[in-house]
Amino acid sequence: MKGHYKADPWSIIEEGFDPAMQEASESIFSLGNGRMGQRANFEEKYSGKTLQGTYLAGVYYPDKTRVGWWKNGYPEYFAKVLNAPNWIGIDVEINGEQLDLHRHKPVEFRRELNMKQGYLERSFAIYVGEGRLEIAARRFLSMKRDEIGAIRYAIRSVDFSGEVSFTPYIDGNVVNQDSNYDELFWEMESSKAVPGSAYLMARTRKTGFVACMTMCYTMELNGEALQPEPDVLQKEDYVSNRVRLKLDQGEEAILYKYVSVLSSMNHKKENMVDHGISVLIGAMELGFDKLFEEHASVWEENWAHSDIIIEGDTEAQQGIRFNIFQLNQTYTGKDERLNIGPKGFTGEKYGGSTYWDTEAYMIPFYLSTAREEVARNLLLYRYKHLEKAIENAEKLGFKDGAALYPMVTMNGEECHNEWEITFEEIHRNGAIAFAIFNYVRYTGDRDYLATHGLEVLIAISRFWCQRITWSEERKKYVMLGVTGPNEYENNVNNNWYTNKMASWTLSYTMGELEQLKNEDGTAYNQLIKKTGLKPEDETLAWKDIVEKLHFPYEENLKVLLQQDGFMDKEQLMAADLNPAERPINQHWSWDRILRSCFIKQADVLQGIFVFEDEFDQETMKRNFYFYEARTVHESSISPCVHAILANRIGRYEKAYEMYLRTSRLDLDDYNHEVDEGLHITSMGGTWMSVVYGFGGMMIKDELLSFEPNLPAGWKSLSFKILYRGRTLKVHIEKTKASITNMEGEGVDLFLAGKRVQLEEAGSVFAEL
């Protein structure tokens, strides 16, 4: 698929229509605004292979699990983000024949996702007999008015004369492709169509979420407003208006469709229709062009502080902007009830639920590019689910306030239906603990620890303490039956990364408890009372684990070992795999994968990246060379870590290779699965691969530090960082780097290994 989309710094462009690429392009050209999202399905009918997808933030269905129900503690359901009623539909008929690009071969087909202003545009021509018609559609989901979507659909006759009809509609007869039992997830509540407008209200089964979509439209012929007399169709699950008109040579007809999309997440059912009409009236009065202008102005503001500028490499530039664009349209931080699913608003896979990816790969992006409360809201999401996390642990036999956060969740309950992930992949607890640490060290918001963070840390520490086992044989503590981030090894003992996260969490919690006790005795006592913590007894046990926990190590090679017994496997190299068998998860049996040494993503390297200040260069190098050779990168969150570490150890060509893989993972479809949706949560890792990798950003001695370098083909790299009320602009060239304080007080930091003082409105420079 590499090269299918034209390289452009600000747009994703597809020229020529290939039906085999349709589902992939539906993912690539997806739109969202934090409140809702829409795959790039055609407005008009398309009878070819397609994955229709309209998604509403926070709306889900508890699809009953297919396996594992006999196992005590097994989740009863696998939550699914729902394909909601289809609001973009505009059926088109030409001389009574329905337009369908599966049947009508388009010419001069062009599709563009404009990332600078946040819109999707499509154009093509068709021939009806000898007559040529040119069709152009533009749509956007308003970033300013996040309950509004708008479409401009134009048909221009070059030399055609005949009848054309437009049928804007809302269709509630939708299904989820990824339904365990082929259930229909929506029940219709009410619907109504009148000339010029219509609405449809639907309710989810079991969960009772209500969605209401209201549409209206205006029309023009040759630039003059039309007052059509439509045919009105109203059914329980479908509402529409059909407008017929005569189109002669040289004439152009335009339909402007405006839709309000509401859910019971934000509105009472009884108020939805009235509110939907109200916001629609406001949008229509403004008009399509002005509505778009205010939407584009929000994107201008977003890019002003989150853009990364790469000079000299168009593919690299396009890749990073595509990732940033998707991040900004997936999550805005306005609603602390919401989180980020691995596919965002671009597909059904992974259920649209929250994974540990948020804490590990997304929070760093929002910490540095958005207002402080955005990252804080992501942490509050977990804090508000603490009671559920404790309940999840209780179901598995843990007690006394121990918390196991779910691997997958919509509401705090575990809802994944794979045993290994649900019960063994417990490292997610560590990611949540580290996110608290990362937030506090970056923002300086220590109040968060006293009011929220330490409660979570205590509950997670209690879990680790109970989950770890004393081995009489080793005279060490051990962690049995786990799965690390590398899901190509299940039910292993002493996964190095999981043990490391457990040990670090216990140490960090003890340290912060002691600091709070010394700094604010009242807050400390309140915390002890609220959590029932027995400081002397519990922390004594934690300290003993930290001192005596077993970490696998290969003495001969001097590498940190993935887990006990890893060297029993046949040690093959990923480079020696038959390319025809890659990715192996699409060609090998699961049994064969589990018995191989091949790694989906390297657990050890993940740990070295997270705790890099604990490891010297030689240790980093040994482990990087060992694990990179065995890693197949079939996890979307693998290449970014390799890119960052490759930079740290001077493997700059490898760093660039891994950067392209992470930034263009979807654009070039490295893992042959983009048709299912984009890898949204890995996109935060892509941002890190630039800022932490080539920008060399880290926290060093409690100060921001930058150790920059550029890939060979780049002329320069520029980005902005928001840091404790400051806006810092970093500019890197081959032989020099600078940091400018664009807003805020002065600050001490490190640049190219030297501690410097950056004054208010000042700049600092370094030779590289």
Q. What are the residues in the range 144-164 that are crowded, with 18+ Cβ neighbours inside 10 Å and more than 15 Å from Leu262 (Cα to Cα), if any?
A. Ile151, Arg152, Tyr153, Ile155, Arg156, Ser157, Phe160, Val164
Q) Taking the range 511-547, which residues are closer than 20 Å to Gln466 by Cβ, buried (at least 16 other Cβ atoms within 10 Å of the Cβ) and among the acidic types (Asp, Glu)? A) Glu538
Q: Could you list all residues from the range 381-426 that are within 29 Å of Asp178 (Cβ to Cβ), among the basic types (Lys, Arg) and part of a loop (DSSP other than H, G, I, E, B)?
A: Lys384
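Has the range 361-368 got any residue that is more than 16 Å from the chain's Cα centre (by Cα) and surrounded by fewer than 20 Cβ atoms within 10 Å (Cβ to Cβ)? First the steps, then the outcome.
Taking the range 361-368 first, the residues more than 16 Å from the chain's Cα centre (by Cα) are 368.
Next, only the ones that are surrounded by fewer than 20 Cβ atoms within 10 Å (Cβ to Cβ) stay: none.
No - not one qualifying residue is present in the range 361-368.
Report those strands (runs of 3 or more DSSP E) wholly inside the range 649-761 carrying at least 1 residues which are touching a helix residue (DSSP H, G or I) at 6+ places or on another chain (Cβ under 8 Å) and under 22 Å from Ile320 (Cβ atoms). Quick ask: steps written out before the conclusion?
Values: elements: 697-700, 703-706, 716-723, 726-733, 736-743, 747-751, 754-758.
Of the strands (runs of 3 or more DSSP E) lying wholly inside the range 649-761, those with at least 1 residues that are touching a helix residue (DSSP H, G or I) at 6+ places or on another chain (Cβ under 8 Å) and under 22 Å from Ile320 (Cβ atoms) span 697-700, 716-723, 726-733.
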Q) Out of all the residues in the range 67-85, which are on the phi < 0 side of the Ramachandran plot and not in a strand (DSSP E or B)? A) Val67, Trp69, Trp70, Lys71, Asn72, Tyr74, Pro75, Glu76, Leu82, Asn83, Ala84, Pro85
Q. When you go through (1) of a type outside the set (Gly, Ala, Ser); (2) touching a Gly at 6+ places or on another chain (Cβ under 8 Å); (3) touching a residue at least 40 places away in the same chain (Cβ under 8 Å); (4) not in a loop (DSSP other than H, G, I, E, B) one by one for Val440, which number turns out not to apply?
A. (3)
Q.
Cβ-Cβ under 8 Å, sequence separation 6+ or interchain: first residue in the range 245-256 and hydrophobic (A, V, I, L, M, F, W, C), partner at pLDDT below 95. Which pairs?
A. Leu245/Pro228
Q) Scanning the range 194-209 for residues that are surrounded by 21 or more Cβ atoms within 10 Å (Cβ to Cβ) and aliphatic (A, V, I, L, M), which turns out farthest from Glu229 (Cα to Cα)? A) Ala202
(Q) Taking the condition of being touching a residue at least 60 places away in the same chain (Cβ under 8 Å), in contact with a helix residue (DSSP H, G or I) (Cβ under 7 Å, 6 or more places away or on another chain) and part of a loop (DSSP other than H, G, I, E, B), how many residues in the range 41-66 meet it? (A) 1
Q: Only residues that are free of Cβ contacts under 8 Å to residues at least 12 places away in the same chain and exposed (fewer than 11 other Cβ atoms within 10 Å of the Cβ): list them for the range 548-582, please.
A: Glu555, Asn556, Asp568, Asp576, Asn578, Pro579, Ala580, Glu581
Q. Out of the residues in the range 715-728 that are under 19 Å from Lys754 (Cβ atoms) and not aromatic (Phe, Trp, Tyr), which is surrounded by the fewest Cβ atoms within 10 Å (Cβ to Cβ)?
A. Ile721
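In the range 485-541, which residues are of a type in the set (A, V, I, L, M, F, W, C) and farther than 18 Å from Ile436 by Cβ? Before you say what the answer is, go through the steps one by one.
Looking only at the range 485-541, we keep the residues that are of a type in the set (A, V, I, L, M, F, W, C), and these are 492, 496, 501-502, 504, 506, 510, 513, 516, 523, 527-528, 533, 540-541.
Within the range 485-541, Val492, Trp496, Ile528, Leu540, Ala541 meet the criteria.
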Q) Filtering the range 137-179 down to residues that are among the polar types (S, T, N, Q) and part of a strand (DSSP E or B), which residue is farthest from the chain's Cα centre (by Cα)? A) Ser157
Q) In the range 387-397, is there at least one residue being closer than 26 Å to Asn491 by Cβ, touching a Leu at 6+ places or on another chain (Cβ under 9 Å) and among the polar types (S, T, N, Q)? A) yes
Q: Look at the range 257-280 and say how many of its residues are over 18 Å from Tyr169 (Cα atoms) and either assigned to a strand (DSSP E or B) or out of contact with any Phe, Trp or Tyr (no Cβ under 8 Å at 6 or more places or on another chain) (or both).
A: 12
Q. Ile88 versus (1) in contact with a His (Cβ under 7 Å, 6 or more places away or on another chain); (2) in contact (Cβ under 8 Å) with a residue 40 or more places away in the chain: which is the lone unmet condition?
A. (1)
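May I ask you to list the residues in the range 584-613 that are of a type in the set (Asp, Glu), surrounded by fewer than 20 Cβ atoms within 10 Å (Cβ to Cβ) and touching a helix residue (DSSP H, G or I) at 6+ places or on another chain (Cβ under 8 Å)?
Just the residues of the range 584-613 that are of a type in the set (Asp, Glu), to begin with: 591, 603, 612-613.
With surrounded by fewer than 20 Cβ atoms within 10 Å (Cβ to Cβ) added as a condition, the list becomes 591, 612-613.
Answer for the range 584-613, where residues must be of a type in the set (Asp, Glu), surrounded by fewer than 20 Cβ atoms within 10 Å (Cβ to Cβ) and touching a helix residue (DSSP H, G or I) at 6+ places or on another chain (Cβ under 8 Å): just Glu612.
Has the range 465-477 got at least one residue that is in contact with a Ser or Thr (Cβ under 9 Å, 6 or more places away or on another chain), surrounded by 15 or more Cβ atoms within 10 Å (Cβ to Cβ) and of a type in the set (A, V, I, L, M)?
Checked the range 465-477: no residue is in contact with a Ser or Thr (Cβ under 9 Å, 6 or more places away or on another chain), surrounded by 15 or more Cβ atoms within 10 Å (Cβ to Cβ) and of a type in the set (A, V, I, L, M).
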Q. When the range 257-281 is examined, which residues are found to be more than 22 Å from Gly37 (Cβ to Cβ) and either in contact (Cβ under 8 Å) with a residue 12 or more places away in the chain or among the hydrophobic types (A, V, I, L, M, F, W, C) (or both)?
A. Lys269, Val273, Ile277, Ile281
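Does the range 285-303 contain at least one residue that is among the acidic types (Asp, Glu) and crowded, with 22+ Cβ neighbours inside 10 Å? Walk me through it before giving the result.
As a first pass, look at the range 285-303 and keep what is among the acidic types (Asp, Glu): 285, 289, 293-294, 300-301.
Now narrow it down to the ones that are crowded, with 22+ Cβ neighbours inside 10 Å: none.
No.
Considering Tyr477, Tyr508, Tyr497, which residue is touching a strand residue (DSSP E or B) at 6+ places or on another chain (Cβ under 8 Å), within 28 Å of Glu614 (Cβ to Cβ) and among the aromatic types (Phe, Trp, Tyr)?
On the way: Tyr508 fails: touching a strand residue (DSSP E or B) at 6+ places or on another chain (Cβ under 8 Å); Tyr497 fails: touching a strand residue (DSSP E or B) at 6+ places or on another chain (Cβ under 8 Å).
Answer to the check: Tyr477.
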Q) Just for the range 66-90: of the residues that are farther than 21 Å from Met201 by Cα and surrounded by 18 or more Cβ atoms within 10 Å (Cβ to Cβ), which one is nearest to the chain's Cα centre (by Cα)? A) Ala79
(Q) Going by what's in this entry, would Asn494 be described as buried (at least 17 other Cβ atoms within 10 Å of the Cβ) and either over 25 Å from Gly397 (Cα atoms) or β-branched (Val, Ile, Thr) (or both)? (A) no
Q) Among (1) touching a Lys or Arg at 6+ places or on another chain (Cβ under 9 Å); (2) within 20 Å of Asn114 (Cα to Cα); (3) among the aliphatic types (A, V, I, L, M); (4) assigned to a helix (DSSP H, G or I), where does Ala20 come up short? A) (2)
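The values are calculated or read from the model by the stated rules, or taken from the named source; none is laboratory data. Because the structure is a prediction, the values reported are computed rather than measured. Every residue, glycine as well, gets a Cβ built from its backbone with ideal geometry; the counts of neighbours run over all protein chains shown.
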